[in-house]
Amino acid sequence: EAGVVQSPRYKIIEKKQPVAFWCNPISGHNTLYWYRQNLGQGPELLIRYENEEAVDDSQLPKDRFSAERLKGVDSTLKIQPAELGDSAVYLCASSRGRQGRHETQYFGPGTRLLVL
Amino acid sequence: QKEVEQDPGPLSVPEGAIVSLNCTYSNSAFQYFMWYRQYSRKGPELLMYTYSSGNKEDGRFTAQVDKSSKYISLFIRDSQPSDSATYLCAMSRNSGNTPLVFGKGTRLSVIA
């Protein structure tokens, strides 16, 4: 079974430039998460999707961040414009999405963003 | 105060040592407790999962949860150099697909 796929693995941009990250979850996983991991910190949730619906985006900075999950499979996270403080690792995770059961979240390798 | 506190280390031990990693938390609503291992430049991978209080053992790894003290632990017996990684504790409130709340992670080095 293929794991969560993310691209690109690394991205270096100048501040004020736009950037996009792509995630393909494990096949059959209905729930998709975007987390941000700052250096020396644990991951923090940005947004959670149940199929194509964003059900938890309270931590997403909506003035500059946007996300979409068209057709309920792969997802894109965008930052426009990027700021120096956005430098971090952006992790995508997925889980089966069965209600009433604890479901393991499987993480991708992350996209490491550096904003100069 | 953060919901989950974890000493970031770094922690350095000789091969074969017993390692103890800990987290404390403040939110009594947490019911599901996990330990993830993260190698350098990789995503976190689930090591252990425990529901409510109690112990769980898997090979060289033992997870303990004490909800009355809001304290969780991970023990690694006979530690190996391949155990060198960052260990993240994580918690969630409900079953299903609720987001995880992570600690900072503890960086562990096992020296051969």
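Read the figures in this text as sums done on the coordinates, not as results from a lab. As the structure is a prediction and not an experimental result, all values here were calculated from the model. Note that each Cβ is placed from the backbone with ideal geometry, even for glycine, and that neighbours are counted across all protein chains shown.
Given the alpha-carbon gyration tensor of the stretch A:17-116, what are the semi-axes of its equivalent ellipsoid in whole angstrom, ordered largest first, with each equal to the square root of 5 times an eigenvalue? Don't skip to the end; give the middle numbers.
On the way: eigenvalues 105, 41, 27 Å².
Result for the stretch A:17-116: semi-axes of 23, 14, 12 Å.
Projecting the alpha carbon convex hull of the stretch B:1-102 along each direction and taking the average yields 6.6 nm². Placing +1 on the Cβ of each Lys and Arg and -1 on the Cβ of each Asp and Glu in the stretch A:30-116, which of A:Leu91, A:Leu60, A:Tyr106 has its Cα farthest towards the positive end of the resulting dipole? It is A:Tyr106. Proximity of backbone amide H atoms, modeled 1.01 Å from N, is registered between A:His102 and B:Gly96 at under 5 Å, excluding neighbours fewer than 5 places apart on the same chain. Residues B:Lys104, B:Lys70 in ascending order of nearby Cβ atoms (within 10 Å, fewest first): B:Lys70, B:Lys104. Annotation: lysines with alpha-carbon distance below 27 angstrom to B:Lys56 (same-chain offsets under eight excluded): B:Lys2, B:Lys42, B:Lys67, B:Lys70, B:Lys104.
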